[in-house]
Amino acid sequence: MDKQVQDAIICNKCRIPLTLGKVTLSYLGSDFPVELYKCPQCSLVFIPEELAKGKMDQVEKALEDK
Amino acid sequence: MEQKVLREAEKKCVQEELPGCSASCPVHVDARGIVAAVRKGDCKVGVQLLHNMVPFPRIISRICDQLCHGQCKRQEIDESIGINGLEQYCIDNSDEVFLKMAQLPSRDKKVAIIGGGLSGLTAAVELGKKGYTIVIFEATDRLGGNIWEYSVNRLPRQNIVDDFALLKKLPITINFNAPVGNENYSTLSLNNLCATFDAVYLAIGCANLISVHLGLVCDEKGDIEIDAVTRVTSNPKVFAGGSLILGVDHKSIITSISHGKRAANSMDRLLQNASLTGSRENEGSFATLLYTNVDGVEPQVRTQSADPDAGYTAEEALEEANRCLLCECLECVKVCEYLAHFRGYPRRYVREVYNNLSIVMGIHHANKMINACNLCGLCEQVCPGNLNMGEICREARHLMVGRGKMPPAVHDFALRDMLFSNSKTFVLSKHQPGFTTSSAVFFPGCQLSASSPQHVNKMYQFLREKITGGVGLILGCCGVPADWAGQENLFKETLYNIKESWHKLGAPRVITGCPTCYSVFKREFPEMVVESIWTLLDRIGLPDQIEENIAPLRLAVHDTCTTRHETKLQQSIRSILHKLGHHVEELKNSHEITTCCGYGGLMQFANKEIANKVINKRIAESHHDYLTYCAMCRDNFANQGKRTYHLLDLIFKIEGQDLAGQKGPGYSERQENRARLKTTLLKEVWGETVDKEETNIALMIPEHVRNLMEERMILKADVAKVIVHGESTGNKFKNTEKDTYIAYFKPISVTYWVEYSLQADGFVVHNSYSHRLEIKG
């Protein structure tokens, strides 16, 4: 996916490719600093399907049972 | 949940009660475990299980009087299980009988055992293991009492020798030819022994008792008076048991052993200054509370060994072991896929729920189990103790919501769907046009309106024609999803709003289209006169049938779980089917023991896997088409490929349509159907024009994406919001290879992502997914 993001996905507004950058995700009062692709100019964050349905889903479920 | 409530609920589940064999056995040998060991071919385990309860397994396996037969469930069918034969098989087929035995350090107390029969020897072993110094006084020159009366075939002497070898490992001194009595010829007097020893167990058998004169209080028959539980005599240091107490006509080897164990327990308590009577329930034989269903068990007589002296061969032992029912209850687990899924039974589950609620920090492992229950109450119907797991789970959900510990993802979608149904898009409350009062009001419910809006329209028309005095209409959801989700406040608020609408219409009698709404109103509004459309239709007659010659169908009726106790309602369904000319097939689980369709308790949102198991089990029960009278039941069965009619499908037939074979509408379509029903009724019935929706963008969604959205519980409305957001703000990504756009939007708590492309007349949706983790930037 990373390769695909780098090659294919661009920020439509700024017309530039995405780069990895620091992003904070948060759920049920917990914050997670992570590295995700985002627009280096306007900071719009991109979350690919694999991440949403994989790791993020696992983290959500784990936090919900705490 | 209070501990007291937990304990009371736990007690109702009998699964952990001893099986009849162990309960009848005065020392509670795990006969069921021995049978299981034989089945596995593990004789050593069988021997150890016997030895756990009796100190002399080689002897007992030969001559036990088998009180276990008394409550063996097999007796209700044919003959009790030959446990003793299986015990003997285990002993004879263990190469080396190594018996595990724990021994405690020695103590500074001495106990005299008078009589070296099995009862006295049992007490000696029990107390010896605890470290007491034991002295046995035996009147003859050998131990064992009357066991020597058995033939060598029945009781090989080597078994005695091997079992008694145990005595040498313990701090036990044996005095032979040492009769005790307060007579002149006795070498030892009981009074003297009482002065020398800290406790005395009297087990001298049943010979010549009267001549011994022990100086203990006896009843009028001359029998020594003892306490049945503690075995203490009139002398607080002296305990008695065995044949001495049982009498010559009631001798029982295993009971004598039990007396020895119980007296040893009492003496240990006495010597430690503990209560002799505390916590001694269920010592000795008792009637078990365990329920075991023996329906359908085939009769099979007890296996006889070809050579009685040699005992069972391996084949014979296995055959006999296989006769055993391995008694257990599990009545609820047998009928409920949810209870079966977690591999336990309610007694264990109730404890897990309680522990889950007690956790302050850490993982709540039982959340999944608590939220998966469909709250249908079938368990209560089949449980011999009437335990209702649904009530426990519902209560637990309330508490979880109250403490902010309910995982938000579990019920969020269903609750938002409910809020949709109670928003202005669907909610409506009106008198019949031309009327300022209502003699009745029709409440079709949110799911019938979502599944079959056309039936709601027709039904309302029929009611207006048939009922005089004006039939009002209330559209909305009865609030049951909130109740099932443990959202007490939301449920109360919903009920309050319904009540307000009802009162504004003059509080007329309510006619419900959905059995669940019916049950909610009946339970929550005692002042409301409520009737289901089914009893009403049965009473006032059906709409005129257009077709004269309808093909009679053979239909298996699936009763709705929320109205399992509504006998009249259930009868009306059968009666209507007969009037329509159809044949009724009764499913095995129907009426008060009907099953849930997988929707109850919001099961299908909390745990789709179990919900699908529930649905698939139900639809496999008959090859006939099913007939339901709840829209959710119909759609759940039809969605899994079972041909299912809703009763209204048969009343309001649509020419040329196979309604039983049609899948139910998806989540988005259900909401659209509700919204459209409202606007259609307003237009057609009340002649009101309705404003068009503001944000109406054209979406083209290929079938595979629609299925994906359905599975991920993403609505078309949410997808539209994302695209509108992406297009209006310009905040979107472009996939330059596929020439598609990707945007996201978080309307409330879930962030939705949509990959789409532009077309001249709208947007094509290529993919959609969601997450709950919030992007903080």
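The values are calculated or read from the model by the stated rules, or taken from the named source; none is laboratory data. Not measured: the values here are computed from a predicted model. Using ideal geometry, Cβ is built from the backbone for each residue, glycine included, and neighbour counts are taken over all protein chains shown.
Given the criteria over 30 Å from B:Ser449 (Cβ atoms), away from chain A (no Cβ under 14 Å) and under 11 Å from the mean Cα position of the chain (by Cα), does B:Arg323 qualify? Before the answer, list the steps.
On the way: over 30 Å from B:Ser449 (Cβ atoms): yes; away from chain A (no Cβ under 14 Å): yes; under 11 Å from the mean Cα position of the chain (by Cα): no.
In short, no.
Among residues belonging to the range B:126-137 that are surrounded by fewer than 23 Cβ atoms within 10 Å (Cβ to Cβ) and in contact with a strand residue (DSSP E or B) (Cβ under 9 Å, 6 or more places away or on another chain), point out the one that is nearest to B:Ser252 (Cα to Cα).
For the range B:126-137, the residue satisfying everything is B:Val135.
Which members of the range A:16-42 meet the condition of being surrounded by 13 or more Cβ atoms within 10 Å (Cβ to Cβ), touching a residue at least 24 places away in the same chain (Cβ under 8 Å) and closer than 16 Å to A:Met56 by Cβ?
Matches in the range A:16-42: A:Leu25, A:Tyr27, A:Leu28, A:Phe32, A:Tyr37.
Which members of the range B:614-643 meet the condition of being in contact with a strand residue (DSSP E or B) (Cβ under 7 Å, 6 or more places away or on another chain) and under 10 Å from B:Tyr599 (Cβ atoms)?
B:Ala631 - this is the single residue of the range B:614-643 that is in contact with a strand residue (DSSP E or B) (Cβ under 7 Å, 6 or more places away or on another chain) and under 10 Å from B:Tyr599 (Cβ atoms).
Which strands (runs of 3 or more DSSP E) does the range A:1-61 wholly contain that include 1 or more residues that are under 14 Å from the mean Cα position of the chain (by Cα), more than 7 Å from every other protein chain (Cβ to nearest Cβ) and of a type outside the set (Lys, Arg)?
Working: elements: A:9-11, A:19-27, A:30-38.
The strands (runs of 3 or more DSSP E) meeting that bar are A:19-27, A:30-38.
For the range B:607-657, give me the residue count where each residue is in a helix (DSSP H, G or I) and on the phi > 0 side of the Ramachandran plot.
As a first pass, look at the range B:607-657 and keep what is in a helix (DSSP H, G or I): B:608-619, B:631-639, B:647-651.
With on the phi > 0 side of the Ramachandran plot added as a condition, the list becomes none.
Number of matching residues: 0.
The rows are residues; the columns are (1) under 30 Å from the mean Cα position of the chain (by Cα); (2) surrounded by fewer than 22 Cβ atoms within 10 Å (Cβ to Cβ); (3) at pLDDT 95 or above.
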| residue | (1), (2), (3) |
| --- | --- |
| B:Gln3 | yes, yes, no |
| B:Leu6 | yes, yes, no |
| B:Lys12 | yes, yes, yes |
| B:Pro19 | yes, no, yes |
| B:Ser24 | yes, no, yes |
| B:Val38 | yes, no, yes |
| B:Gln48 | no, yes, no |
| B:Met53 | no, yes, yes |
| B:Ile59 | no, no, yes |
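Considering only the range B:381-404, state which residues are surrounded by fewer than 18 Cβ atoms within 10 Å (Cβ to Cβ) and of a type in the set (D, E, K, R).
B:Glu391, B:Glu395, B:Arg403
For (1) at pLDDT below 95; (2) among the hydroxyl-bearing types (Ser, Thr, Tyr); (3) in contact with a strand residue (DSSP E or B) (Cβ under 8 Å, 6 or more places away or on another chain); (4) loosely packed, with under 12 Cβ neighbours inside 10 Å, each residue gets a yes or a no:
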{"position": "A:Lys3", "(1), (2), (3), (4)": "yes, no, no, yes"}
{"position": "A:Cys14", "(1), (2), (3), (4)": "no, no, no, no"}
{"position": "A:Leu44", "(1), (2), (3), (4)": "no, no, yes, no"}
{"position": "A:Glu49", "(1), (2), (3), (4)": "no, no, yes, no"}
{"position": "A:Lys61", "(1), (2), (3), (4)": "yes, no, no, no"}
{"position": "A:Lys66", "(1), (2), (3), (4)": "yes, no, no, no"}
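Checking B:Met632 against (1) of a type in the set (A, V, I, L, M); (2) under 20 Å from B:Leu580 (Cβ atoms); (3) buried (at least 22 other Cβ atoms within 10 Å of the Cβ), which single condition isn't satisfied?
For B:Met632, the exception is condition (2).
Report yes if B:Asp198 is surrounded by fewer than 17 Cβ atoms within 10 Å (Cβ to Cβ), under 26 Å from B:Ala274 (Cα atoms) and at pLDDT 90 or above, otherwise no. It would help to see each step written out before you state the result.
Numbers: surrounded by fewer than 17 Cβ atoms within 10 Å (Cβ to Cβ): no; under 26 Å from B:Ala274 (Cα atoms): yes; at pLDDT 90 or above: yes.
Judged against the criteria, B:Asp198 is not a match.
Name the residues in the range B:1-42 that are among the basic types (Lys, Arg) and not assigned by TED's automatic domain parsing to the domain that holds B:Ile60, would you?
We begin by selecting, within the range B:1-42, every residue among the basic types (Lys, Arg); these are B:4, B:7, B:11-12, B:32, B:39-40.
B:Lys4, B:Arg7, B:Lys11, B:Lys12, listed by residue number.
Among the residues of the range B:146-164 satisfying the criterion of being over 17 Å from B:Asp92 (Cα atoms) and polar (S, T, N, Q), which is surrounded by the most Cβ atoms within 10 Å (Cβ to Cβ)?
B:Asn146
Residue-by-condition table, conditions (1) more than 14 Å from every other protein chain (Cβ to nearest Cβ); (2) within 22 Å of the chain's Cα centre (by Cα):
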residue: B:Val382; (1), (2): yes, yes
residue: B:Ile392; (1), (2): yes, yes
residue: B:Pro407; (1), (2): no, no
residue: B:Pro453; (1), (2): yes, no
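Within the range B:548-559, is there a residue that is in contact with a Pro (Cβ under 6 Å, 6 or more places away or on another chain), among the β-branched types (Val, Ile, Thr) and either crowded, with 20+ Cβ neighbours inside 10 Å or outside the structural domain of B:His623 (by TED's automatic domain parsing) (or both)?
Narrowing the range B:548-559 to residues in contact with a Pro (Cβ under 6 Å, 6 or more places away or on another chain): none.
There is no residue in the range B:548-559 that is in contact with a Pro (Cβ under 6 Å, 6 or more places away or on another chain), among the β-branched types (Val, Ile, Thr) and either crowded, with 20+ Cβ neighbours inside 10 Å or outside the structural domain of B:His623 (by TED's automatic domain parsing) (or both).
Among B:Glu688, B:Glu684, which is acidic (Asp, Glu) and without any contact (Cβ under 8 Å) to a residue 60 or more places away in the chain? Step through it out loud before you land on a result.
Values: B:Glu684 fails: without any contact (Cβ under 8 Å) to a residue 60 or more places away in the chain.
None of the other options fit; the residue is B:Glu688.
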